[in-house]
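Below you'll find the structure, written out as structure tokens, and then a few comments.
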Amino acid sequence: MVESIRERYNINFDELLFNRFIESMQKDSGNNLDFKVNESPLFLDQSLKKKLVHACNELVGQLQKPEFKSHNQTAIPKNSFVPGETSHPVFLQLDFGIVEKDGELTPQLIELQ
């Protein structure tokens, strides 16, 4: 996290403006906003951003290998396959935790959907 940007954000935070933003999201979603909106963005430095992008690219690369698809054929029960399934996921969600390792912030995969 970039502390100087975090400090500027905190100093300039306007709760009224934030509440208007939440209200506009509620309105745009038909009052269907059923999740908590993070009140604060995450300010990453270039080093951590590069690590996250690299980790994502590595994981996607593994998913694209032919042996991954063939492994899934035995890992997933036959009755769980979707008819007309594509050879690769149409959507992919990667969730990372950020840990400190050897004094540096490092992404750790939590979940892949």
Residue that is surrounded by the fewest Cβ atoms within 10 Å (Cβ to Cβ), among those in region 95-113 that are of a type in the set (A, V, I, L, M, F, W, C) and under 15 Å from V53 (Cβ atoms):
L109
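Considering only residues that are touching a helix residue (DSSP H, G or I) at 6+ places or on another chain (Cβ under 7 Å) and not in a helix (DSSP H, G or I), which ones fall in region 42-82? Write out each step before concluding.
Taking region 42-82 and keeping what is touching a helix residue (DSSP H, G or I) at 6+ places or on another chain (Cβ under 7 Å), we get 43, 62, 68.
Listed by number, the list holds a single entry, F43.
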Please work out if T86 is farther than 30 Å from M1 by Cα and either surrounded by 10 or more Cβ atoms within 10 Å (Cβ to Cβ) or out of contact with any Asp or Glu (no Cβ under 7 Å at 6 or more places or on another chain) (or both).
yes
Which numbered condition in (1) in contact with a Phe, Trp or Tyr (Cβ under 8 Å, 6 or more places away or on another chain); (2) in a helix (DSSP H, G or I); (3) not hydroxyl-bearing (S, T, Y) is the only one that M1 fails?
(2)
Scan region 67-82 residue by residue and report those that are farther than 26 Å from F96 by Cβ and either of a type in the set (F, W, Y) or open to solvent by 90 Å² or more (accessible area, probe 1.4 Å) (or both).
T74, K78, N79, F81, V82
Contacts under 7 angstrom Cβ, first residue in region 87-100 being farther than 11 Å from V60 by Cα, partner surrounded by fewer than 12 Cβ atoms within 10 Å (Cβ to Cβ), 6 or more apart
D95/I110; D95/E111; F96/Q108; F96/I110; G97/Q108; G97/I110; V99/Q108
Can you find even one residue in region 30-47 that is over 19 Å from the mean Cα position of the chain (by Cα), open to solvent by less than 100 Å² (accessible area, probe 1.4 Å) and not β-branched (V, I, T)?
yes
Odd one out for N38, checked against (1) farther than 30 Å from N19 by Cβ; (2) of a type outside the set (A, V, I, L, M, F, W, C); (3) modelled with pLDDT under 85:
(1)
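The values are calculated or read from the model by the stated rules, or taken from the named source; none is laboratory data. This is a predicted model, so every value here is computed, not measured. Please note: Cβ atoms are built from the backbone with ideal geometry, for glycine as well, and neighbour counts cover all protein chains shown. Calculation scope for accessible area: heavy atoms of the full protein, side chains included, ligands and nucleic acids excluded. Shrake-Rupley method; radii C 1.70, N 1.55, O 1.52, S 1.80 Å.
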